[in-house]
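The values are calculated or read from the model by the stated rules, or taken from the named source; none is laboratory data. Small disclaimer: the values here were computed from a predicted structure and weren't measured. All Cβ positions, glycine included, derive from the backbone under ideal geometry; neighbour counts span all protein chains shown. Please note that ligands, DNA and RNA were not included when accessible areas were found on the heavy atoms of the full protein model with its side chains. Shrake-Rupley method; radii C 1.70, N 1.55, O 1.52, S 1.80 Å.
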Amino acid sequence: MNISCTNANGETIYISSVSSEWKYAFNAPGDNRIINLVVNSVDGSAVGGTILIDGEEAALNSSNKGSVSLITQMP
């Protein structure tokens, strides 16, 4: 898979040739920021995603339609 995501500075990050179990981690201040994860399948196959905050599941969603969105708020 090829991944693109937007960081907190509004810059787009491109990552190529990643496995289907791609993970991205970052440090963020606990100031009630909203974390939004959107997962889109290139070929329309089923996708899923999880957002962890301090190792604890904060959001989980999956879809068999090739696109899923997750949102949570930092403490």
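Mind checking the dipole of the chain: about its Cα centre, +1 per Lys or Arg Cβ, -1 per Asp or Glu Cβ, Debye to the nearest 20?
Around 180 debye, computed over the chain.
Once you keep just the Cα pairs under 8 angstrom separated by 6 or more residues, what percentage relative contact order results for the chain?
The value is 27 percent.
Set Lys and Arg Cβ to +1 and Asp and Glu Cβ to -1, take the dipole of the chain about its Cα centre, and tell me which of Ile3, Ile53, Phe26 lies farthest positive. After comparing all options, I get Ile3.
Net charge near Ala46: determine it from the other residues with C-beta under 15 Å of the C-beta of Ala46, scoring Lys and Arg +1 and Asp and Glu -1. For residues surrounding Ala46, the net value is -1. Taking 16 Å as the cut-off, the amide N atoms of the range 7-30 that come nearer than this to a point 7 Å along the Cα-to-beta-carbon line of Thr50 belong to 20-26.
Solvent-accessible area of the chain (1.4 angstrom probe, protein heavy atoms only): carbon and sulfur portion equals 47 percent.
Working note: Cα atoms of the chain, range along each principal axis, descending, whole Å: 37, 24, 18.
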